[in-house]
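One structure is given below, encoded as structure tokens.
The values are calculated or read from the model by the stated rules, or taken from the named source; none is laboratory data. Computed from a prediction, not measured in an experiment: that's the story for all the values here. Because the Cβ atoms are built from the backbone with ideal geometry, glycine has one as well, and the counts that use them run over all protein chains shown. When the accessible area is computed, the model is the full protein with side chains, heavy atoms only, and any ligands, DNA or RNA have been set aside. Shrake-Rupley method; radii C 1.70, N 1.55, O 1.52, S 1.80 Å.
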Amino acid sequence: MDLATNPHPDLTIITVKAGRIDAAAAIAFKDAMRAALADGPDHVVLDLSQVTFVDSSGLGAIVAAMKMTGDGRRLDLAGLTPDVAKVFRLTRMDTIFTIHPDIGQLVRRATG
Amino acid sequence: MADSIRLDCIATESDVRDLLIDLRARLLAATLSVEDCGTIEIALAEALNNIVEHAFPSDAPGRIALRLHLSPARLRCELRDQGTALPGLAPPDSSLPELTGPPETLPEGGFGWSLIRTLTERLHYERHDGENRLTLEFNLRPS
């Protein structure tokens, strides 16, 4: 799966360049995240603004990515589209992640 | 408004994805609201992925047939497959996995049936002549 990694001084934004993180894509997403997180950025924001659909396998893969960051590092989320936000809300995973409503604002703040 | 739609697919993750994309386009064309389309796609994705994962061996995926009956206020979806029966011949009465504890213990699965139960108005399963029949019903909002 294609991810675009954009390092800023205080945070790294990883943009998912795919429309779905579903059962068919969950393993490819985890593999791509493992590679993207290997450089060890302290604060990562996962930009999901191009993702229109996540199922429970995709949700599990995002949780797995959060565990990969581990040890004092952070994985936040941004740009949740309506159906993706619904899955996070119904599983209460929206209480686990910090979810930024506006990826554009985050980028402007990160770039100063 | 179309009153009946029939779709089918092979029980693989990629075929299920294609079916869901096709279904969404048809539901939108039938003037369902975007919100209802999301609810239906999420619930059906979980039901279909359960069949892919549990009803058939991964090297011998069978077929899944989907029939939809659409009325102005309600959508009934029936999934049929000839794979392994649901344990206990009933959908599991599962609640959401606990999210307490340190991050490394967070669940990465176990959300499927809970999502299906939350998103459907009615859920019914029967095993009939070696066939699984799972029916999901949704109340529709005016679009």
Determine if segment B:94-105 includes at least one residue that is in contact with a Ser or Thr (Cβ under 9 Å, 6 or more places away or on another chain) and touching a residue at least 40 places away in the same chain (Cβ under 8 Å). no
Those residues of segment B:33-57 that are free of Cβ contacts under 8 Å to residues at least 12 places away in the same chain and under 16 Å from residue B:15 (Cα atoms) come to a total of 2
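Name the single residue, out of those in segment B:119-136 being within 14 Å of residue B:45 (Cα to Cα) and open to solvent by 10 Å² or more (accessible area, probe 1.4 Å), that is farthest from the other protein chains (Cβ to nearest Cβ). Talk me through it step by step, then tell me what you get.
Applying the first criterion (within 14 Å of residue B:45 (Cα to Cα)) to segment B:119-136 yields B:119-120, B:134-136.
From what's left, open to solvent by 10 Å² or more (accessible area, probe 1.4 Å): B:119-120, B:134-135.
Details: B:119: 7, B:120: 12, B:134: 16, B:135: 20 Å.
Among those that are within 14 Å of residue B:45 (Cα to Cα) and open to solvent by 10 Å² or more (accessible area, probe 1.4 Å), it is B:135.
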Report, by residue number, each residue of segment B:35-64 that is within 18 Å of residue A:25 (Cα to Cα), surrounded by fewer than 18 Cβ atoms within 10 Å (Cβ to Cβ) and within 10 Å of chain A (Cβ to nearest Cβ). B:53
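Please go through segment A:44-61 and pick out each residue that is outside any loop (DSSP other than H, G, I, E, B) and within 9 Å of another protein chain (Cβ to nearest Cβ).
Step one: of segment A:44-61, the residues outside any loop (DSSP other than H, G, I, E, B) are A:44-47, A:53-54, A:56-61.
Across segment A:44-61, the qualifying residues are A:53, A:54, A:56, A:57, A:59, A:60, A:61.
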From the list B:32, B:28, exactly one residue is aliphatic (A, V, I, L, M), more than 9 Å from chain A (Cβ to nearest Cβ) and crowded, with 20+ Cβ neighbours inside 10 Å. Which is it? B:32
Test each condition in (1) open to solvent by less than 70 Å² (accessible area, probe 1.4 Å); (2) within 19 Å of residue A:94 (Cα to Cα) for residue B:98 and report the one that comes out false. (1)
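Step by step: first the residues of segment A:86-112, then only those that are open to solvent by less than 30 Å² (accessible area, probe 1.4 Å) and in contact (Cβ under 8 Å) with a residue 40 or more places away in the chain, then the one that is nearest to residue A:47 (Cα to Cα). Which residue is that? Spell out how you get there, then give the answer.
Quick first cut of segment A:86-112, residues open to solvent by less than 30 Å² (accessible area, probe 1.4 Å) only: A:86-88, A:91, A:93, A:97, A:104, A:106, A:110.
Checking the rest, the ones that are also in contact (Cβ under 8 Å) with a residue 40 or more places away in the chain come to A:106, A:110.
On the way: A:106: 10, A:110: 14 Å.
Within segment A:86-112, the match that is nearest to residue A:47 (Cα to Cα) is A:106.
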Quick check: anything in segment B:102-109 of a type outside the set (Val, Ile, Thr), farther than 25 Å from residue A:63 by Cα and either crowded, with 20+ Cβ neighbours inside 10 Å or within 13 Å of chain A (Cβ to nearest Cβ) (or both)? no
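In segment A:47-80, what residues are among the small types (Gly, Ala, Ser) and either touching a residue at least 12 places away in the same chain (Cβ under 8 Å) or open to solvent by less than 20 Å² (accessible area, probe 1.4 Å) (or both)? Break it down stepwise before answering.
First pass over segment A:47-80, keeping only residues among the small types (Gly, Ala, Ser): A:49, A:56-58, A:60-61, A:64-65, A:70, A:72, A:78-79.
The answer is A:49, A:56, A:57, A:58, A:60, A:61, A:64, A:65, A:72, A:78, A:79.
Among residues belonging to segment B:53-98 that are of a type in the set (Ser, Thr, Tyr) and in contact with a Phe, Trp or Tyr (Cβ under 8 Å, 6 or more places away or on another chain), point out the one that is nearest to residue B:136 (Cα to Cα). Before you say what the answer is, go through the steps one by one.
In the first step, residues of segment B:53-98 are kept if they are of a type in the set (Ser, Thr, Tyr); the result is B:58, B:71, B:84, B:94-95.
Filter again for in contact with a Phe, Trp or Tyr (Cβ under 8 Å, 6 or more places away or on another chain), leaving B:84, B:94.
On the way: B:84: 19, B:94: 16 Å.
Here the answer is B:94.
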Selection within segment B:1-25 - farther than 13 Å from residue B:70 by Cβ and buried (at least 20 other Cβ atoms within 10 Å of the Cβ): B:9, B:11, B:13, B:16, B:17, B:20, B:24
Restricting attention to segment A:64-112, which residues are within 10 Å of chain B (Cβ to nearest Cβ), over 21 Å from residue B:103 (Cα atoms) and not in a helix (DSSP H, G or I)? A:81
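Give the residue, chosen from B:100, B:118, that is of a type in the set (Val, Ile, Thr) and assigned to a loop (DSSP other than H, G, I, E, B). Give the steps one after another, and end with the answer.
Values: B:118 fails: assigned to a loop (DSSP other than H, G, I, E, B).
Criteria check complete, one pass: B:100.
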Checking residue B:88 against (1) surrounded by 14 or more Cβ atoms within 10 Å (Cβ to Cβ); (2) not in a loop (DSSP other than H, G, I, E, B), which single condition isn't satisfied? (1)
